[in-house]
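What follows is a single structure, written as structure tokens, with notes after it.
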Amino acid sequence: MKTTHTPVTGVILAGGRSRRMGQNKALMPLGDEPLIVSVVRQMELVTDELLLITNEPDLYTSLKLPMYVDIVPNMGPLGGIYTGLTHAANSTVLCVGCDMPLLQPNLLSHLITLLGDYDAVVPCIEAADGTKLEPVHVFQTLSAVYSKRCLPVIEEMLAAGELSVHAMYNWIDARIVQPHEWQALDPRGLSFLNINTPEDFEKANRYIGGNHHANC
């Protein structure tokens, strides 16, 4: 059941090549289901519409989701965000990666409520060693909320070959959510755990398996 009042389109990006995993991580069994099914289940709680952006739709027919290939190919995550925003029925779009199985719906709902007149709501996360990100900030461009107002800026960026999602924040009005804000709803930052390595996968598997004290 959706927990927010703003009509929201959820976009799951499944365009990565999983080089470090050696196989399609979205379909790896996490607990009793493919990893991406965990993502779908959490996203369905906070969205009115859910889309999958993938260049391999045949792999995901069992999800029974509307699927779209990249409008502009080989443009990385920015191209996926552009495709999702273009096809979204709603002006508010929550984008996440297909490899983020521990999304926390309460945090996602909160990010959605912050959008308002901003063009995007983007969490700022801490470095892996726990140090604060000053003067260099690391933004979680997935698990982020975007308005369709971003489309003209992204179009210009793609045309210029500028593929950095971070660079977009120089051209839009983004609400940056600091760690002390999002930690109130997701103290351990589980929503930002994306599965890039076998070690990441084992952490998520232990958590899904019921060991909530795993060092995620």
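A short reminder: the numbers here are calculations on the coordinates, not readings from a lab. All values derive from a computational prediction rather than experimental measurement. All Cβ positions, even for glycine, are placed from backbone atoms using ideal geometry, and neighbour counts span all protein chains on display.
For region 8-207, please report how many Lys pairs fall under 25 Å Cα to Cα, leaving out neighbours fewer than 8 apart on the same chain. So the count works out to 4.
Dipole magnitude for the chain: computed about the Cα centre from +1 point charges on Lys and Arg Cβ and -1 point charges on Asp and Glu Cβ, it is near 280 debye. Taking the average, over residues, of other Cβ atoms within 10 Å as the packing measure, peptides 81-89, 25-33, 170-178 rank 81-89, 25-33, 170-178 from highest down.
The helix-based estimate of mean residue ellipticity at 222 nm for the chain, built from -39,500 (n - 2.57) per DSSP H run of four or more residues and divided by its residue count, is -7500 deg cm²/dmol to the nearest 500. Averaging the sequence gap over all C-alpha pairs within less than 8 Å and six or more residues apart, then dividing by the number of residues, gives region 1-115 a relative contact order of 39 percent. Short-range pairs are left out: with C-alpha atoms under 8 Å and at least six residues apart, the relative contact order of the chain is 23 percent.
Each Lys and Arg adds +1 at its Cβ and each Asp and Glu adds -1 at its Cβ; summed about the Cα centre, region 140-191 shows a dipole of about 160 debye.
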